[in-house]
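Participant: Quick one: structure below, then a few questions.
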């Protein structure tokens, strides 16, 4: 059975034909709600890419870049902040240039080794280590119960204080530092993509 054609509507005593379908597929359908498995869509990805390319870009410039209205971009940015994807806009300080000026911070990679091989205990250690302001990044790698931290301090003495503080966390057996002597590349941005058509988003790669 074929579907019946949509009848013409009458307004003001005259027949009005139905609107023809839009020829251009919108980036995001108006009124479309996001499901729990799709926290961000193609427009969000484009906005994130534009902001990572230039964190000082105005909303108007971002809107021109992604082909959306300023109101839509402003709403999306606020939503990304609520999701915790956008956590702020900060200036990027180059360690390489600071070193050339004689003001290089003391950067180290720290391996935090737990006393007992327990994942629950490691979570507690990670929460405590993350509170240290000089810990910039804190990772847990696959197949390992150690934590790897990237830390930056104003001096080697400050790094020693950080190592003592981390070593004093309950459950930590030792902290093994490796000094960074030279930075060859600095790029704090992260590429954002969407799963391929028909493929679920990867889970368990980052996070618990």
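The values are calculated or read from the model by the stated rules, or taken from the named source; none is laboratory data. Just so we're clear, the structure is a prediction, and the values are computed from it rather than from any experiment. Note: ideal-geometry Cβ built from the backbone for every residue, glycine included; neighbour counts use all protein chains shown.
Participant: Please state which of the following conditions residue 170 fails to meet, knowing it meets all the rest: (1) outside the structural domain of residue 108 (by TED's automatic domain parsing); (2) in contact (Cβ under 8 Å) with a residue 24 or more places away in the chain.
Facilitator: (1)
Participant: Scanning for something touching a helix residue (DSSP H, G or I) at 6+ places or on another chain (Cβ under 7 Å), within 23 Å of residue 148 (Cβ to Cβ) and not in a helix (DSSP H, G or I), does the stretch 111-118 turn up at least one residue? Full working, then the answer.
Facilitator: Looking only at the stretch 111-118, we keep the residues that are touching a helix residue (DSSP H, G or I) at 6+ places or on another chain (Cβ under 7 Å), and these are 112, 114.
Next, from what is left, pick out any that are within 23 Å of residue 148 (Cβ to Cβ): 112, 114.
Add one more test, that the residue is not in a helix (DSSP H, G or I), and what stays is 112, 114.
Looking for residues that are touching a helix residue (DSSP H, G or I) at 6+ places or on another chain (Cβ under 7 Å), within 23 Å of residue 148 (Cβ to Cβ) and not in a helix (DSSP H, G or I), one finds at least one in the stretch 111-118, hence yes.
Participant: Which one of these is farther than 27 Å from residue 52 by Cα and modelled with pLDDT under 90: 160, 120?
Facilitator: Sole residue among the options that is farther than 27 Å from residue 52 by Cα and modelled with pLDDT under 90: 120.
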